[in-house]
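The values are calculated or read from the model by the stated rules, or taken from the named source; none is laboratory data. Just so you know, these numbers come straight off a predicted model, no measurement behind them. Reconstructed Cβ throughout: ideal geometry from the backbone, glycine too, with neighbour counts over all protein chains shown. All accessible areas refer to the heavy atoms of the entire protein, side chains included, with ligands and DNA or RNA removed. Shrake-Rupley method; radii C 1.70, N 1.55, O 1.52, S 1.80 Å.
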Amino acid sequence: MISMRLPVLGLVLLASPLAAQFPSSPPVPGPVKPAAFPPFQEAVLPNGLRMIVVARHKQPVLSVALSFPSGSATDPAGKEGLADFVAGLLTKGAGNRSADEISAAIEGVGGSLNAGAGRDFLTIGVGLLSDNAPLAFELVSDAAMRPTFPDKEVDLLRTQTLSALQLELSQPASLATRTFARELYGAHPYGASATPASVKAITRADLTAFQSARLRPGGALLVVSGDITLARARELATSAFAGWSGAAPATAPRKAPPVRTKTEIVLVNRPASVQSNILVGNTTFGPMYPQFYAATVANRVLGGGADSRLFDILREKKSWTYGAYSNLRRYRGIGSFVANTEVRTEVTDSALVELMHQLKRMGTEPVSAKDLASAKNSLVGRFPLTIETADQVATAAQDVKLYGLPADYLQTYRTRLAAVTPAEIMAASKSVIRADRALIVVVGDGAKVYPKLKAAGLGPVRIVSPEGDPLTPDDLVAKAGALDLEMGQLAARRDSFTVMVQGNPLGWERMTLEKTDGGWKYSEDVQIGGFVQQTTEMTFTDKIDMQVLKQTGKVQGMDTKGDATYGGGRVKGSAITPAQGGPKTVTFDTTITAGTIDDNAVTALLPALKWADGAKISLSVFSTGKGLVEPVTLTVGAKENLTVPAGTFEAWRVEVAQEQPISIWITTAAPHRLIKLALAGAPLEFVLAK
């Protein structure tokens, strides 16, 4: 009965005079008011350490952050990554506590402890309940003053860092970011990045020297935010940092970034990439730039969110990408502007031309009232959410002091943004977004992308390898001609590998190379848990002319198959490969150049390649699963003594550049043997068992 009466009641109310009093539109927003940010209380400790206290007693929480002007920009040449390395170890043993004891101490009170290094600053931070304030100051002071850098923790962090770098260097987005920084800043420290070689070169002596020379009270800033008074904070800090002294570390002169007078494209050749990563930008300004607020609004209109111009046009209207954004980066020195997107290889030139058009529009067309209001509302409305917690308040206060911003910066931030006009946005855009002098970095398949980029006429195109080595257009094309092999190294053999997943054995692989009349037969069987079962047979002649491939198997329950027949300068056949949504079938009848080998034959021929220190070996490889020819480059790196189940060997680590980069280890002693293979970014390894 009740369910029948309610709709009737609703109709009666809508028809009554009372309904006419309900508003039909939202109220007009009131004027933007200054942010209600607690005042800074400042003090200087006896040893010269500056301290800021931002008292907020609404919640019983506390944040303590100690920052030093010692970020990655202070890394010595050849030791790039040192600041990050130091930061990663400050909480892994300090004072009288081991890494486990530090974790137990902070986790026992439900808090958090961390340390990290950016471009300009290294910061140690603690967050916990204010009742445990003494512990916060104790842990921070121990980390800054008394880190122990245990050998075990140093070795562990080095292994983790190298593993992370291996993954990073295999990702096109990371390659684009690294290349952009290097090309934009040149010899300036902001252009440097850690490499496997620089990480391996860092010694424990480097760590202790960095801590002693750069983690000093002079030039440092201690920010305390939360449920505490200035008097209590000064008392705890004075006690915790007693006996600590040292003037601010000297700042070495820095080379200025290159001055770009025209737009230039740097193409990073990543063969077989199915998409292109694009970065466009330029250097900008220091922290005190007078047009900062107008530039911030301009960036929000252009690419600061999912409702921005770049996102709307490149994704929603053109369907070229999943996303397109832009960003202003503020550093203690000179900052940068960068717009970025990832697009299909086929539309790389079209997307780049459109992106450049949108950059130019910002300085030549007034922003519409709708776009301006949307950008301001987003920035102004979001700001209070960035200063809610004690940690956020500490970070905001830290930025003001470390970047030398005005004392009322946080209080007036919203009102300054709200006051920006379309004319100011155009003026700031002309200064900050310099499309006519931009650096463009494209990471993608050079053979497919280079001709289109050159024809687009946006600027000269310079080609480099992922390592930054210069390349020519000829280097993008797989070279014809016979393989240069040491055939005497090729011999019948049987190798067995254990498949390791996250350090645990989960399968096996057996490889057999047999001599036949006038040629060779290579067989391969692999099984990984219940996920992968595959059998491969490949034949080729003594002259390494490919003949026949037969491959069958299952991957996660999906059938896989490969059939290829070589002859007369062609390869014909088909392949079934696993794909999202079900198996994918590829049929091919393709012309190939002399010296092209099937991708399944590469492992068989590894012993016959001409291995040497620093060698770079280029192969023209037919990918059966894709039905196309791809260049594959093997770069010989450092020698390592590597222990696998089959024994301990001196081996070269070799990076294999392809769509899915891998690392392999080849014995330096003849006959050269493959003893390990690792996939970049995956916890999967093949290690020689016998």
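A simple spin-label model places the labels of Glu365 and Thr229 6.0 nm from each other, with each point 7 Å out along Cα-to-Cβ.
For Ala423 and Leu162, the FRET efficiency from 1/(1 + (r/R0)^6), where r spans their Cβ atoms and R0 equals 60 Å, is about 0.70.
Overall, the range 209-301 carries a charge dipole of about 300 debye about its Cα centre when +1 sits on the Cβ of Lys and Arg and -1 on the Cβ of Asp and Glu, all other atoms neutral. Probing with 1.4 Å while keeping every protein chain in the model, the per residue accessible area of the range 154-249 equals 40 Å². With R₀ set to 51 Å, the beta-carbon distance separating Ala197 from Ala492 gives a calculated FRET efficiency near 0.85.
Ignoring aspartates and glutamates fewer than eight residues from Lys676 along the same chain, the ones with Cα atoms less than 17 angstrom from its Cα are Asp495, Glu509, Glu524, Asp525, Glu640, Glu650, Glu655, Glu685.
With a Förster radius of 60 Å applied to the beta-carbon distance between Ala669 and Ser112, the computed FRET efficiency rounds to 0.75.
With each label point set 7 Å from Cα along the Cα-Cβ vector, what nm distance links Ser103 and Asp155? It is 1.8 nm. Please give me the summed charge of the neighbours of Ala248: other residues whose Cβ is under 10 Å from its Cβ, Lys and Arg +1, Asp and Glu -1. Residues close to Ala248 contribute a combined charge of +2. Between the helical axis of 446-456 and the dominant principal axis of the chain, each derived from Cα atoms, what acute angle in degrees is found, rounded to the nearest 10? Taking Cα atoms only, the helix is inclined about 60 degrees. Near Arg510, once Lys and Arg are set to +1 and Asp and Glu to -1 for all other residues with Cβ below 11 Å from its Cβ, the sum equals -2.
Pairs Lys550/Lys639; Lys521/Lys554; Lys318/Lys626: which exceed 32 Å Cα-Cα? From Lys550/Lys639; Lys521/Lys554; Lys318/Lys626, over 32 Å: Lys550/Lys639. Between Lys543 and Gln502, the contour length at 0.36 nm per residue exceeds the alpha carbon distance by 10.8 nm. In straight-distance terms, cross-link reach from Lys610 covers every one of the aspartates and glutamates whose alpha-carbon lies under 13 Å from its own, apart from those fewer than eight places away in the same chain; here that gives Asp484, Glu486.
In the chain, taking the dipole from charged Cβ atoms about the Cα centre, the farthest positive-side position among Tyr322, Ala397, Ala187 is held by Ala397.
Computed over neighbours whose Cβ is under 12 Å from that of Val54, the net charge equals -1, Lys and Arg +1, Asp and Glu -1. Relative to the longest principal axis of the Cα atoms of the chain, helix 409-418 runs at roughly 80 degrees. Pairs of alpha carbons in the chain separated by more than 36 Å make up 55% of all such pairs. Rounded to the nearest 10 degrees, the inclination of helix 133-145 to the longest alpha-carbon principal axis of the chain is 50 degrees. For the range 546-603, the relative contact order comes to 26 percent (Cα pairs under 8 Å, sequence separation of at least 6). The smallest convex shape that holds all Cα atoms of the range 413-517, its convex hull, gives 281 Å³ per residue.
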